[in-house]
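The structure appears right after this line, and notes come after that.
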Amino acid sequence: MRSIRNAIARLKGERGTGTLEMAIIGGAFILVLVLAGLLVRVTQTGNAVESAADAAAREASLARDTGQAQNAAATMANMSLAQAGVDCVNLVVSIDSAGINAPLGTTGTVSATITCTITVSNSVLIGLPGTREVTATAISPVDAYRER
């Protein structure tokens, strides 16, 4: 009986440690959730930017000259990112359209590089500061036998 009393007396000295442990573990768990939310946001934006680069390169490869290619690619990139729900603070669409002017019978390529800067503050509930830049490049072939 005495050993049970001693054990109970020892346990009474540790009151409140469970609450403290839960507070520490809970804080770490919330931090992990916030970082996971940030990772999901950046990953989804990266996928949308890659898709927009593919669409922009394909649209530019269908153009007849470099000016049309740049305009068509920028329009397609904006449309693709808007459909994906990506709000870029700064969007840069650059096209390498040298393949459009390739000689007849030669396969040229057009590449589109899209750089989208997103704010991280609206990605999770607590509003982390800063921005993140996401870049993607895609290449599309130009038809070798089309009319030029």
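The values are calculated or read from the model by the stated rules, or taken from the named source; none is laboratory data. The shown structure was predicted, so the numbers you read here are calculated from the model rather than taken from an experiment. All Cβ positions, glycine included, derive from the backbone under ideal geometry; neighbour counts span all protein chains shown.
From the list GLY99, GLY105, the one residue that fits, being in a helix (DSSP H, G or I), farther than 30 Å from LEU35 by Cα, at pLDDT below 90 and out of contact with any Phe, Trp or Tyr (no Cβ under 6 Å at 6 or more places or on another chain), is GLY99. Here is the figure for the range 76-118: residues that are surrounded by 14 or more Cβ atoms within 10 Å (Cβ to Cβ) and under 21 Å from VAL134 (Cα atoms) total 24.
Residues that are surrounded by fewer than 14 Cβ atoms within 10 Å (Cβ to Cβ), without any contact (Cβ under 8 Å) to a residue 60 or more places away in the chain and more than 30 Å from GLY130 (Cα to Cα) occur in the range 53-75; there is at least one.
On the given criteria, is ARG58 in a helix (DSSP H, G or I) and either at positive phi or in contact with a strand residue (DSSP E or B) (Cβ under 6 Å, 6 or more places away or on another chain) (or both)? Yes, satisfied. Out of all the residues in the range 39-87, which are of a type in the set (Val, Ile, Thr) and over 30 Å from ALA144 (Cα atoms)? The answer is VAL40, VAL42, THR43, THR45, VAL86.
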